[in-house]
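Structure first, then comments.
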Amino acid sequence: MAAAMTDDAELLRRYAGDRAEDAFAELVRRHLDLVHSAALRQVGGNPANAADVAQAVFTELARHAGRLTRHPALTGWLYTTTHRMAARHVRGEVRRQRREQEAHVMQELQRDTGPEPDWARLRPVLDAAMHDIGETDRTAVLLRHFEQRPLAEVGSKLGLSENAARMRVERALDKLRTKLAKRGVTSTASALAVALTGQAVTAAPTTLADAITTAAFAATVTTPTFGHLSLMTSTQFKTAGAALLIAAAGTTIALQQLSARRLRAENVELRQRADTAAEDARLARQANTESAEAGARSSQSQPELLRLRGEVGQLRQQLAAARRTSPKTADQPASAPSAASEEKAKEATKQFGLRRLSEAKLLVMGFMLHASSHDGQFPDSLETSASVLRSEKGVGRPGQDFGDPAN
């Protein structure tokens, strides 16, 4: 019994996870007799209405298969759903006719106090009385007397021992008998058990299972309302449905292609904009870097240039002082050497050497000034160095002040 109940949950998992139609067909085959019998009773014995109710019940099962894998008893859920669908189906005139029929049956039952209930009198009020007792008691009666399962299996499903399951079924049957008595149907518990076991569940039409399986499986895609439920076996309907599905699929593919082309064009445009912005940013960074390097070189060479100019000024003053102290005939031999003249000659030679040294320093200074003003490039001749010095302070003339032996 436990294996059979586990099979229901496994079949539901297969259908909910893999859309296995064979698993759903097995569920329909296993529980159709119970659902159809309950529906047939609740719609006044009309086979067509009972078939519609059964289809609605199994359609609900297909829609909620994923949630129902955790339901403790699928039989109880099917039975309750059948009652709900049948009640919806018999609204209005059908419900009024059933109430009149139940009132007439109860009047006749009040005159009959035999121990065994008449099935013709019990059938119209059985399902309403079943839903007046608690869910656990209702499940116990369903498993034991409707589906005729062993007490061990009933206890396993309800979480009870076999003996506790027997007591639960007896109490539930007694409660059901009390509810039926309020509706005018009196009997003993044993007689009620025999009636339920023998006639509560009868065989449904043999072709109904396949029709319901197909319709319920298709309903999970089209989601029809209860008022428009049908067996959906028409060849024309199936052909029209296939055409609609193909047209819808073609429209969806076309829309997806248009969207993909538009997205690709937008991506190309965005990439072009990004490349342009990146190039502009690179050029701006390069210009900023070059400007910063030029400013750094200028700031670094400015103190050195000022220092060299100061030294040029000092050397120019020393050179001018040497010219004033050196005699015109310092480099001519004396006709009558004397100690004083020799001393003067030595002094003149010394001053001449200092003068040449100063001139050499000035030339070096000219080289350095030229290099500091031309990014480290030295002049290619002494004349260029002298011209740098002349441009700074106006010192000397080419061939006279710098390196001229005549001087």
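Details
- When ALA87, ALA54 are screened for being more than 42 Å from the chain's Cα centre (by Cα) and at pLDDT 85 or above, only ALA87 passes.
- Filtering region 158-166 for residues that are touching an Asp or Glu at 6+ places or on another chain (Cβ under 8 Å) and surrounded by fewer than 21 Cβ atoms within 10 Å (Cβ to Cβ) leaves an empty set.
- Selected residue (criterion: surrounded by the fewest Cβ atoms within 10 Å (Cβ to Cβ)) from residues of region 350-375 that are at pLDDT below 80 and of a type in the set (S, T, N, Q): SER373
- The test for being within 25 Å of ARG390 (Cβ to Cβ) and modelled with pLDDT under 70 holds for SER326.
- Total residues in region 42-76, condition within 17 Å of ARG123 (Cβ to Cβ) and surrounded by fewer than 22 Cβ atoms within 10 Å (Cβ to Cβ): 5
- Selection status of VAL268, assigned to a helix (DSSP H, G or I), at pLDDT 75 or above and in the same structural domain as LYS361 (by TED's automatic domain parsing): yes
- Of all the numbered requirements in (1) in a helix (DSSP H, G or I); (2) modelled with pLDDT under 90, TRP77 misses one, and that requirement is (2).
- Reported count of residues in region 311-323, each being among the small types (Gly, Ala, Ser), over 16 Å from SER391 (Cβ atoms) and at pLDDT 75 or above, is 2.
- The set of residues from region 46-72 being among the hydroxyl-bearing types (Ser, Thr, Tyr) and assigned to a helix (DSSP H, G or I) comprises just one member, THR59.
- Condition broken by PRO205, with the remaining ones in (1) on the phi < 0 side of the Ramachandran plot; (2) surrounded by 14 or more Cβ atoms within 10 Å (Cβ to Cβ) satisfied: (2)
The values are calculated or read from the model by the stated rules, or taken from the named source; none is laboratory data. Since the model is a prediction, treat every value here as computed from it, not as a measurement. Backbone-built Cβ (ideal geometry, glycine too); neighbour counts: all protein chains shown.
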